[in-house]
Amino acid sequence: MIRTLLIIAGFLLSTGINAQTKPDSIREGDLIFQTSLSAQSKAIQLATQSKYSHCGIIFKDKNGYYVLEAISQVKRTPLAQWIARGQGKNFVVKRLKNADQVLNPVMLVKMKSEGQQLTGRAYDLTFEWSDTQIYCSELIWKIYERSTGLRIGKLEKLRDFDLSNDIVKKKMKARYGNRVPMNETVISPVSIFNSKLLKTVNLKEPV
């Protein structure tokens, strides 16, 4: 009995799921959010007025759950490793409210195929709305829209964000010089996070 419990505990730790969550707390197609420790994280938080600066989409293969994310490039990262990389190892998982109807096995294959087509693309430092390079929330939005037809999160323009803070201004200057593309279409992590199509199913945050 003790050996069985140890095996179960080890599995939960390896997948990044704590022992107090429900068995279905993680599913393929779920979206996961964290506060990144990257150099641009603070600027993203300030500009979007949200603590969440990075996100990805959860899938599963023979090795277990992984996060498809855009970081240095679009790539797979084991779920536990992805969680460990965030600030305080905190995260929030969100899911389509009608996931049982939409995310059937055929649809998940289609979503993975869309993700595979973007895998290997370099991270988009200038947040352009093209497939040449991809940033994290853009990856999620495009996979869902192209697979399911659902637009998770409101598309905005760069001018819609709060660009007044000096940290943001410095980052913008470094990326764009004096020619900031204010009319560029952008999808932010917080816009996806706040989508009415989603519900929160799991989180680990400071009490």
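The values are calculated or read from the model by the stated rules, or taken from the named source; none is laboratory data. Note that the coordinates shown come from a computational prediction; the quantities given were computed from them, not determined experimentally. Cβ: placed from backbone, ideal geometry, glycine included. Neighbour counts: every protein chain shown. These accessible areas exclude ligands, DNA and RNA; they are computed on the full protein's heavy atoms, side chains included. Shrake-Rupley method; radii C 1.70, N 1.55, O 1.52, S 1.80 Å.
Values computed for the structure shown
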read-out	value
Qualifying chymotrypsin sites (Phe, Trp or Tyr not before Pro) in segment 64-109, DSSP loop, other Cβ atoms within 10 Å at most 13	none
Heavy-atom accessible area ranking, 1.4 Å probe, most first, across V180, V190	V180, V190
Efficiency of FRET between V180 and K110 - r from beta-carbon atoms, R0 41 angstrom, step 0.05	0.70
Most fluctuating residue given options P78, P181, P189, as computed from a GNM of the chain linking Cα atoms under 10 Å	P181
Sites Q73 and K169 - FRET efficiency at Förster radius 30 Å, r taken between beta-carbons, to 0.05	0.65
Inter-part distance where segment 114-147 and segment 28-56 are each reduced to a Cα centre, Å	16 Å
P(r) weight above 14 Å for segment 23-68, C-alpha pairs, percent	56 percent
Cα-based helix-to-principal-axis angle, 105-118 vs the chain, degrees rounded to 10	40 degrees
Of the trypsin sites (Lys or Arg not before Pro) in segment 157-189, those whose Cβ has at most 10 other Cβ within 10 Å and which sit in DSSP loop	R179
Volume of the Cα convex hull of the chain, divided per residue and given in Å³	128 Å³
Convex hull volume of segment 105-207 per residue (C-alpha atoms, cubic angstrom)	149 Å³
